[in-house]
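These notes are about the structure you will find just below.
The values are calculated or read from the model by the stated rules, or taken from the named source; none is laboratory data. Since this is a predicted model, take the numbers as computed values, not measurements. In this analysis, Cβ positions are derived from the backbone assuming ideal geometry, glycine residues included, and neighbour counts consider all displayed protein chains. The accessibility values were calculated without ligands, DNA or RNA, using every heavy atom of the protein model including side chains. Shrake-Rupley method; radii C 1.70, N 1.55, O 1.52, S 1.80 Å.
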Amino acid sequence: MKPFEHVNAGALEEAVSLLKKYGGKGRLMAGGTDLIGLLKDRILTDYPDALINLKSIPGMDAIDESAGGLRIGALSKLADIASSTAVRAKYPALSQAAESVASPEIRTMATIGGNLCQDVRCWYYRYPQQMGGRILCLRKGNGPCHAIKGDNRYHSLMGAKKCFAVCPSDTAIALSALDAEIEIFGAKGARSLPVEEFFTPLGNALGPEELVKEIRVPAPSPDCRQSFLKFTERKPVDFAVASVAFAITVHDGTCEKARLFLGGVAPVPLRAEAAERHIVGKLIDSATAQEAAQESVAGARPLSGNAYKVEIVKALVNRALLSLIQL
Ligand SMILES: Cc1cc2nc3c(=O)[nH]c(=O)nc-3n(C[C@H](O)[C@H](O)[C@H](O)COP(=O)(O)OP(=O)(O)OC[C@H]3O[C@@H](n4cnc5c(N)ncnc54)[C@H](O)[C@@H]3O)c2cc1C
Ligand code: SF4
């Protein structure tokens with residue numbers, strides 16, 4: 001590992017001014033569970049001169065609930081979100097997603113801000129320097145996307161145009177279904193963005209002198225039912241091959257509102273709008289669930305090795321929707 005400076009930021013403003021000071025050679029660090037691995041394997045072409053530690057900023061790890069909803073500081077640990085009584089009671093899709101991430105050890109270190117900003121898991125992108133040399137590609141700003149003609153079994157099924165790596169964040173899928181917003185703090189002040197708009201084809205919406213301050217989740221209506229389901233190859237610790245997050249309101253068995261997002265199949269949390277339209281106004285039964293499952297993959301354009309994900313997404317949508325009418 002190359003040497004780098006480690007600087008503790010004492011406040012949001014200081015973190016931003018440190019980003020400015022190092023001019024693109026400073027990287028923010030929260031739990032370090034993603035970043036330190038990237039640096040150890042030297043997969044990035046641009047190695048930072050300094051890591052700017054956010055954990056030294058007081059108060060950024062609070063989870064506060066009010067009548068209006070939930071405010072989750074960017075430094076909140078995934079373990080704390082998964083076990084929070086308030087989150088489990090009213091935002092179960094989020095606690096299920098947080099609990100599905102990695103292992104208890106990683107969830108105790110990993111923060112929600114880091115989970116949203118983590119780098120992609122494409123195996124071409126992550127190929128370690130010490131194992132024969134890092135692989136350059138379109139996402140690294142130099143070369144083609146190797147997944148298009150290569151081994152793409154874990155890559156995007158829908159919506160990718162440049163980079164086919166999938167959005168790796170489980171919490172992003174649940175937060176999108178819950179219509180959450182990200183509060184961004186930067187040199188030019190604060191701004192907020194829906195989680196579903198945070199991800200871009202080659203990264204995220206943060207500018208060079210911006211960071212994630214907190215996540216705000218609006219209070220769901222009392223009759224909102226939620227589910228997050230994830231399919232992995234290895235059971236205990238694994239990223240999603242595919243996942244689904246539902247937030248729906250149901251009256252007398254009929255769906256009045258629905259938000260459905262798919263994970264593991266696109267570079268961003270993918271809204272399954274056709275499936276949502278199909279469910280709203282309908283009695284939720286096994287026929288509706290099967291039709292919604294079919295609609296959810298209407299936009300699928302499989303690569304050579306990932307068509308198997310289509311059936312997994314359909315099974316997850318069907319299963320998640322039926323589980324909600326049994327609540
Ligand atoms: C073995 C293993 C299994 C995993 N499995 C899963 C899984 O199943 N599902 C899943 O979703 N994830 C999974 N992950 C990824 C894991 O969730 C992330 O590593 C973790 O959430 C990152 O959080 P962190 O606080 O450690 O971030 P760090 O490693 O500190 O940072 C990650 C990135 O985010 C940036 N960053 C951090 N905080 C902020 C902020 N507040 N504002 C702006 N930028 C910020 C950093 O600059 C860096 O680029 C796994 C990781 C490992 C190692
Ligand atoms: S999927 Fe993205 S990260 Fe992977 S090789 Fe293609 S451009 Fe690079």
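Do any trypsin sites (Lys or Arg not before Pro) in the stretch 127-174 lie in a DSSP loop with no more than 16 other beta carbon atoms within 10 Å, and if so, which? Of the trypsin sites (Lys or Arg not before Pro), the ones in loops of the stretch 127-174 whose Cβ has at most 16 other Cβ atoms within 10 Å are 149, 153, 161, 162. In straight-distance terms, cross-link reach from residue 161 covers every one of the lysines whose alpha-carbon lies under 20 Å from its own, apart from those fewer than eight places away in the same chain; here that gives 140, 149, 309.
Comparing mean-square fluctuations of 274, 315, 89 from a GNM of the chain with C-alpha springs under 10 Å, the top value falls on 89. The fraction of accessible area contributed by carbon and sulfur in the stretch 42-133 is 53 percent, rounded to a whole number (1.4 Å probe; ligands and nucleic acids excluded). Can you classify the stretch 228-272 as rounded, prolate or oblate using the Cα gyration tensor, where a ≥ b ≥ c are the square roots of its eigenvalues, rounded means a/c under 1.5, and otherwise it's prolate if a/b beats b/c and oblate if not? The shape class here is oblate. The lysines whose alpha-carbon is closer than 23 Å to the alpha-carbon of residue 55, local same-chain residues fewer than 8 away aside, are 2, 20, 21, 25, 40, 77, 188, 213.
With all protein chains kept in place, the per residue accessible area of the chain amounts to 45 square angstrom at a probe of 1.4 angstrom. Comparing the stretch 63-205 with the 2.2 N^0.38 Å rule of thumb, its C-alpha radius of gyration ratio is 1.17 (two decimals). Among the trypsin sites (Lys or Arg not before Pro) found in the stretch 22-105, those both in a DSSP coil and sparsely packed, with 16 or fewer other Cβ atoms within 10 Å of their Cβ, are 25, 42, 55.
Between 93, 247, 287, the residue with the greatest mean-square fluctuation in the GNM of the chain (Cα pairs under 10 Å linked by springs) is 287. Which one, 323, 1, 112, projects farthest toward the positive side of the charge dipole computed for the chain from Cβ point charges (K/R +1, D/E -1)? Sorting the options by dipole projection puts first 1.
Across the stretch 196-327, the mean sequence separation of Cα contacts (distance under 8 Å, 6 or more residues apart), normalised by length, yields a relative contact order of 22 percent. The helix-based estimate of mean residue ellipticity at 222 nm for the chain, built from -39,500 (n - 2.57) per DSSP H run of four or more residues and divided by its residue count, is -8000 deg cm²/dmol to the nearest 500.
In terms of the Cα gyration tensor, with a ≥ b ≥ c the square roots of its eigenvalues, is the stretch 1-144 rounded because a/c is under 1.5, prolate because a/b exceeds b/c, or oblate? Taking the square roots of the gyration eigenvalues as a ≥ b ≥ c, the stretch 1-144 is oblate. Taking 14, 233, 99 in turn, the Gaussian network model of the chain (Cα-Cα springs below 10 Å) assigns the largest fluctuation to 233. Look at the alpha carbon pairs under 8 Å that are at least 6 residues apart: their mean separation over the length of the chain gives a relative contact order of 16 percent. Taking the alpha carbon gyration tensor of the chain, multiplying each eigenvalue by 5 and rooting it gives semi-axes of 33, 25, 16 Å, largest first.
Separation of the stretch 109-135 from the stretch 168-203 is 20 Å, based on Cα centroids. Please state the shape class of the stretch 142-294: rounded when a/c is under 1.5, otherwise prolate if a/b exceeds b/c and oblate if not, all from the C-alpha gyration tensor. Oblate shape, in that a/c is at least 1.5 and b/c is the bigger or equal ratio. Relative contact order, whole percent, for the stretch 73-150 stands at 25, derived from Cα pairs under 8 Å and 6 or more residues apart.
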